[in-house]
């Protein structure tokens, strides 16, 4: 599955039902602009592509008046997301367990909750991320986060077991797991490369270019 949106939001929820549901809300400042926003859905066996087309942004006025689209999408938990892309706004990923889940946000906020995908790949150019797990499962897990400018918060249960690879090029790292203490590599750079609770099957990699990282225990 691939989803492309300009401004607005993409909320992706997992389900135990083997079906996909899409709800989209278009908003604009006038009826003409609203009519120019197009949503194209292409479905083939085993693949769905959702593309959002916006009218050209005006070169005059106080700001962009081309409108927004808010998606709420429900898919089977095992579905793979080859690319979910948003220019500006908010992305939510909830309970995804597919082989691949990729999300890219140019500017805004991203939330990933209880995602146990084999490969979770999250990219933010400018914005904040909250990665959270309410429970932990001993299975293969690979999470990669790359934020050019912004902050990251990651919450894990006390018994979570994983290999922590955390790096802030220009910022600070706050870490609640005492057995994986962070230390400065250079004057402005901090890095963690530690194994938490003996975990070697799960890898959590978070890199922030300019900003801070907070690694916290969810059940203090």
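The values are calculated or read from the model by the stated rules, or taken from the named source; none is laboratory data. Since this is a predicted model, take the numbers as computed values, not measurements. All Cβ positions, glycine included, derive from the backbone under ideal geometry; neighbour counts span all protein chains shown.
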Practice task
List every residue pair whose Cβ atoms sit under 6 Å apart, with the two residues 6 or more apart in sequence or on different chains, where the first one lies in the stretch 101-112 and is assigned by TED's automatic domain parsing to the domain that holds residue 9 and the second, anywhere, is modelled with pLDDT under 95 and not in a strand (DSSP E or B).
Solution key: 101/117
Fill in the blank from the handout: Exception for residue 125 within (1) farther than 20 Å from residue 108 by Cβ; (2) assigned by TED's automatic domain parsing to the domain that holds residue 87 falls at (1)
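The rows are residues; the columns are (1) over 18 Å from the mean Cα position of the chain (by Cα); (2) assigned by TED's automatic domain parsing to the domain that holds residue 128; (3) modelled with pLDDT of 95 or more.
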| position | (1), (2), (3) |
| --- | --- |
| 16 | yes, yes, no |
| 19 | yes, yes, no |
| 30 | yes, yes, no |
| 45 | yes, yes, no |
| 61 | yes, no, no |
| 85 | no, yes, yes |
| 97 | no, yes, no |
Completion exercise
The condition of being part of a strand (DSSP E or B) and free of Cβ contacts under 8 Å to residues at least 40 places away in the same chain holds, among 93, 84, 120, 131, only for 120
Practice task
Would you point out which residue out of 142, 117, 132 is touching a strand residue (DSSP E or B) at 6+ places or on another chain (Cβ under 6 Å), within 17 Å of residue 91 (Cα to Cα) and modelled with pLDDT under 95?
Solution key: 117
